Amino acid sequence: MREHSVVIAGGGPTGLMLAGELALAGVDVAIVERRASQDVIGSRALGLHIRSIEVFDQRGIADRFISQGQRHPAVHFQIALAVGDLPTRHNYTLGLLQNHIERILSEWVGELGVPIHRGRQVTGFTQNETGVDILLSDGASLRAEYLVGCDGGRSLVRKLAGIAFPGCDPTMSWLIAEAEMAEEPKWGFHENQFGTHAIGKAGDGKSARIVLAEPQLQLDTNPTLRDVSETMVAAYGTDFGIHSPVWISRFTDMTRQAETYRDRRVLLAGDAAHVHPPMGGQGLNLGVQDAVNLGWKLAQVIQLTSPDSLLDTYHAERHPVAARVLHNTLAQSVLRRTDPRTRALGDIVSEFLRMDEPRRRVAAMMSGLDIHYDLGDGHPLLGRRMPDLGLLTAEGPRRVFSLLHQARALLLNFGEPGGVEIAPWADRVQSIDAGCRGAWELPVIGKVAAPTAALVRPDGYVAWVGEAGEQPGLTEALIKWFGAPAATRQA
């Protein structure tokens, strides 16, 4: 039986990102992935939102994605919402197919030395006070301190853990496909009584990508070319001679969320923890950010830096974020209906979203920039992402995100050099005396007063904000997030 500190079931974007986070922290982690290669069948996710690009920037790998994607100046919620005026260095969405996103992440994880057991699945496990015994589909076994289910919406890990998955049953379904057509199709969007359909050109120049709203709800997860042809005839009056499909898939508006993200030594992330219709392209981004929230916390628990209770903050912080995404995708699903009443509602929603303030708020929500973890009252920065400010340091100009490349916590002191004391945590938290030019601006909130100091977690969220003299508050935050001071731990 091979042993690892963490075994991750599922090597999609969430599992890969989590593996990278744990590897950066020096944790022995392995991935079990049912696919024999990293290739993705179908289009799946189509790109990255702003906060995910920022997360990759925090790890020094954003350029790998940006260099291969296409920048778009908007997100979509009922209408296109411009994001060019949001306060971020990455004020765009990045068009990049999931196949490429996974390949880039897999290359990064490979550089970090993470083993991936391909062509295998987790088929069972038992857990006790000291770890998890994991059975694989080829009869092999693994032993881990923790098992993380990143194995998709039909997660076997979630089911075997007995974690409830409540939510809304599907009411509508859509077909998506890539195929060739003998005739020139009607490019772009098309509406009828069933809903909105679309046909666009695929990257190879020969095939077309198709999205079709089905007249009636269908639940078969293995649709055929005949299904696509019949639905096209119903929508367009012809199937344009569709043939030679590359892939065909179906999705619904089913919306569900795991009741808890943790059962003792088993955790869930990504689609294993939440499923929703793909409106707005939020699913992959939500999973990647789950991984970045969980990774450093799990590493600290494994390394005995922090107590096991730190893992409870993963559910406490990420469950509300996913619940909000589920909420907005339910709303978008309804707005896609084409009956006169829904059209009237959509017209009014669109009118509001053309105003600057509603546009900025909804665009920040869709981009993941407005996430606010409840860390108590105080400065508006508390619990929000740290802006990627330009800093003046003893080593020269730096960006905040460049100081997070190793997924290590950061204390930024903007006051008198040496004015904030964190020596007992120096093995876990880097301390930087820095100057900062320009205004501090947060998405949705706007300009805020510059703090004298800020404690930034490895995931880029601010755990403490204060003046240099507020050492007691800082000490409390350091203990909460990064464990007891070194002298206490040694004793």
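The values are calculated or read from the model by the stated rules, or taken from the named source; none is laboratory data. Please read all numbers here as calculations on a predicted model, not as lab measurements. Reconstructed Cβ throughout: ideal geometry from the backbone, glycine too, with neighbour counts over all protein chains shown. Note: accessible area is taken over every heavy atom of the protein model, side chains too, but ligands, DNA and RNA are not part of it. Shrake-Rupley method; radii C 1.70, N 1.55, O 1.52, S 1.80 Å.
Among the residues of the range 282-292, are any closer than 20 Å to ALA364 by Cβ and assigned to a loop (DSSP other than H, G, I, E, B)?
Within the range 282-292, the first condition is being closer than 20 Å to ALA364 by Cβ, and the residues that meet it are 282-290, 292.
Next, from what is left, pick out any that are assigned to a loop (DSSP other than H, G, I, E, B): 282.
The answer is yes, given that some residue of the range 282-292 is closer than 20 Å to ALA364 by Cβ and assigned to a loop (DSSP other than H, G, I, E, B).
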Residue selected from the range 439-474 under the condition among the acidic types (Asp, Glu) and open to solvent by 10 Å² or more (accessible area, probe 1.4 Å), by the criterion modelled with the highest pLDDT:
GLU441
Contacts under 8 angstrom Cβ, first residue in the range 156-167 being crowded, with 17+ Cβ neighbours inside 10 Å, partner aromatic (Phe, Trp, Tyr) and not in a loop (DSSP other than H, G, I, E, B), 6 or more apart:
VAL157/PHE125; LEU160/PHE125
Return the pair list, or none, for Cβ contacts closer than 7 Å from residues in the range 107-122 that are under 16 Å from THR14 (Cα atoms) to residues that are assigned to a strand (DSSP E or B) and modelled with pLDDT under 95, at least 6 apart or on different chains.
none
How many residues are farther than 19 Å from TYR461 by Cβ, open to solvent by less than 30 Å² (accessible area, probe 1.4 Å) and of a type in the set (Gly, Ala, Ser) when one looks only at the range 274-290?
2
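With assigned to a loop (DSSP other than H, G, I, E, B), open to solvent by 20 Å² or more (accessible area, probe 1.4 Å) and touching a Gly at 6+ places or on another chain (Cβ under 9 Å) as the only criterion, which of ASP220, ASP151, ASP204 stands out?
Working: ASP220 fails: touching a Gly at 6+ places or on another chain (Cβ under 9 Å); ASP204 fails: touching a Gly at 6+ places or on another chain (Cβ under 9 Å).
After applying the criteria, what remains is ASP151.
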Are any of the residues in the range 413-423 touching a residue at least 60 places away in the same chain (Cβ under 8 Å) and surrounded by 14 or more Cβ atoms within 10 Å (Cβ to Cβ)?
no
Return a yes/no flag: does the range 169-189 have any residue that is out of contact with any Leu (no Cβ under 6 Å at 6 or more places or on another chain), more than 30 Å from ILE242 (Cα to Cα) and touching a residue at least 60 places away in the same chain (Cβ under 8 Å).
yes
Pair list, Cβ < 7 Å and 6+ apart or interchain, from the range 75-91 residues that are charged (D, E, K, R) to residues that are surrounded by fewer than 21 Cβ atoms within 10 Å (Cβ to Cβ)
ARG89/ASP388
Residues of the range 423-452 satisfying the condition of being part of a strand (DSSP E or B) and over 24 Å from LEU86 (Cα atoms)
VAL429, GLN430, SER431, ILE432, ASP433
From LEU330, LEU310, LEU345, LEU326, residue being among the aliphatic types (A, V, I, L, M), modelled with pLDDT under 95 and either assigned to a helix (DSSP H, G or I) or open to solvent by less than 20 Å² (accessible area, probe 1.4 Å) (or both):
LEU330
Search the range 67-106 for residues being closer than 15 Å to ALA363 by Cα and among the polar types (S, T, N, Q), and hand back the single one that is modelled with the lowest pLDDT.
GLN78
Failed condition for LEU267, given (1) outside any helix (DSSP H, G or I); (2) under 30 Å from GLY20 (Cβ atoms); (3) at pLDDT below 95, with all others met?
(3)
Hey, MET181 at pLDDT 90 or above and open to solvent by 20 Å² or more (accessible area, probe 1.4 Å) or not
yes
Would you pick out the residues in the range 11-32 that are open to solvent by 10 Å² or more (accessible area, probe 1.4 Å) and either free of Cβ contacts under 8 Å to residues at least 12 places away in the same chain or closer than 28 Å to PHE251 by Cα (or both)?
GLY12, PRO13, THR14
Name the pairs: first residue in the range 191-204 and within 16 Å of GLU230 (Cα to Cα), second residue open to solvent by 20 Å² or more (accessible area, probe 1.4 Å) and aliphatic (A, V, I, L, M), Cβ to Cβ under 6 Å, at least 6 apart or on different chains?
ALA198/VAL211
Would you mention how many residues in the range 291-304 are surrounded by fewer than 21 Cβ atoms within 10 Å (Cβ to Cβ) and touching a helix residue (DSSP H, G or I) at 6+ places or on another chain (Cβ under 7 Å)?
1
